[in-house]
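Single-structure report; data block below.
The values are calculated or read from the model by the stated rules, or taken from the named source; none is laboratory data. All of these numbers come straight from a predicted model, not from anything done at the bench. Every residue, glycine as well, gets a Cβ built from its backbone with ideal geometry; the counts of neighbours run over all protein chains shown. Ligands, DNA and RNA are excluded from the accessible area calculation, which covers all protein heavy atoms including side chains. Shrake-Rupley method; radii C 1.70, N 1.55, O 1.52, S 1.80 Å.
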Amino acid sequence: MRLIGIGLYLLAFVAQPAWAQATPKLQQLEQRLAATAIENPGDFGSAALDLTSGSVVGFNGHEPFPMASTMKIAVAAAYLAEVDAGRRSLHETAGGATALSLMDRMMVRSDNRATDLLVEMLGGPRAVDHWLRSHRLSGIRVDRNIAQLLSARRDLWDVRDSSTPVAMLELLRLVDGNEALTPHSRALLLDMMRRCATGSNRIRGILPSGATVENKTGTLNRYTTDVGFLTFPDGRRVAVAFFARGGGNRPAVIATAARAIYDGFDSSAEPIHSGGYPAQAPR
């Protein structure tokens, strides 16, 4: 059994895309992400992008996973882009609340009703998907609103409303850059992500106290995800995406992978040891 496990590890590692000019430390990090995924029951995808250098690491980076509530980043960005273009206002109302209030509830508390009201204001799921296509994003799609998603027969391998880890990085890079949103809208969205009140045992679980996190979680039955940004004390930023399907240790695996990525991209940290971090439930 041990030989089979080693063989699966090597197969999974060599199957990963060859990221350009990865440093030895980042190569070790990619091996650690692969090992963490393989050592735990379930199906995992992860990816990280240094927004300054362009360095990328990942595991199953091109496999589609359900976005669940992480699709709310696309909803918020699409609406804010409409505000920037002068076609909509944050003071418009739906369901007795302003768009700004709905967006805050959607991003901070993951309010599904608020999400669907914003999607309806935009013109439905197709409008959000069109916004993704207009920015040449591939490997990510929005097909349904939250009510439709939750009422449908659950299939965690359905390509509808899915994203690959790498495609999610591209969405995050778009949100963080200057192409899609004005500085004011970008700051507004990142502030909401910084105040995310869900899934504290995922990306945030075992990071050092000096780490700043802006994230959005997603949860379905037997499915857990968390995506966003890590900001280091020196101001460098890394976009991260974690998807976990099946198994029973999903939040801890995400927390473990997030800490490995943080240390792997932190120039002041010690080299990653082969043992990595135990995937145990973070406090």
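Residues of segment 90-97 include none that is in contact (Cβ under 8 Å) with a residue 12 or more places away in the chain and in contact with a Pro (Cβ under 7 Å, 6 or more places away or on another chain). Screening the candidates Leu172, Leu150, Leu156 for the property of being touching a Phe, Trp or Tyr at 6+ places or on another chain (Cβ under 7 Å) and surrounded by fewer than 18 Cβ atoms within 10 Å (Cβ to Cβ) yields one hit, Leu156.
Might you check whether a residue that is modelled with pLDDT of 95 or more, within 20 Å of the chain's Cα centre (by Cα) and acidic (Asp, Glu) occurs anywhere in segment 54-69? Within segment 54-69, one or more residues are modelled with pLDDT of 95 or more, within 20 Å of the chain's Cα centre (by Cα) and acidic (Asp, Glu). Condition check for Ile203 on (1) closer than 13 Å to Ala68 by Cα; (2) among the aliphatic types (A, V, I, L, M); (3) touching a Phe, Trp or Tyr at 6+ places or on another chain (Cβ under 8 Å): one failure, at (1). Among the residues of segment 210-224, those identified as over 15 Å from Arg109 (Cα atoms), of a type outside the set (A, V, I, L, M) and either assigned to a strand (DSSP E or B) or modelled with pLDDT of 95 or more (or both) are Thr212, Asn221, Arg222, Tyr223, Thr224.
Among the residues of segment 104-126, those that are of a type in the set (Gly, Ala, Ser) and either crowded, with 17+ Cβ neighbours inside 10 Å or more than 21 Å from Asp84 (Cα to Cα) (or both) comprise Ser110, Ala114. Residue-level check: of (1) open to solvent by less than 40 Å² (accessible area, probe 1.4 Å); (2) more than 19 Å from Arg186 (Cα to Cα), Trp131 misses just (2). For segment 244-267, the candidate set comprises residues that are of a type in the set (Gly, Ala, Ser) and more than 18 Å from Ala48 (Cα to Cα); within that set, the residue that is modelled with the highest pLDDT is Gly246. Looking only at residues of segment 24-71 that are open to solvent by 40 Å² or more (accessible area, probe 1.4 Å) and among the charged types (D, E, K, R), we find that the one that is nearest to Arg154 (Cα to Cα) is Glu63.
Given the condition over 29 Å from Gly246 (Cβ atoms) and touching a Lys or Arg at 6+ places or on another chain (Cβ under 7 Å), answer yes or no: does some residue in segment 80-87 qualify? Within segment 80-87, one or more residues are over 29 Å from Gly246 (Cβ atoms) and touching a Lys or Arg at 6+ places or on another chain (Cβ under 7 Å). Note on segment 78-98: among residues that are outside any loop (DSSP other than H, G, I, E, B) and among the acidic types (Asp, Glu), the one that is surrounded by the fewest Cβ atoms within 10 Å (Cβ to Cβ) is Asp84. Among residues of segment 178-209 being in a loop (DSSP other than H, G, I, E, B) and of a type in the set (Lys, Arg), the one that is surrounded by the most Cβ atoms within 10 Å (Cβ to Cβ) is Arg202.
Being polar (S, T, N, Q), more than 22 Å from the chain's Cα centre (by Cα) and open to solvent by less than 70 Å² (accessible area, probe 1.4 Å) is the requirement here; does Ser101 meet it? Spelling it out, Ser101 is indeed polar (S, T, N, Q), more than 22 Å from the chain's Cα centre (by Cα) and open to solvent by less than 70 Å² (accessible area, probe 1.4 Å).
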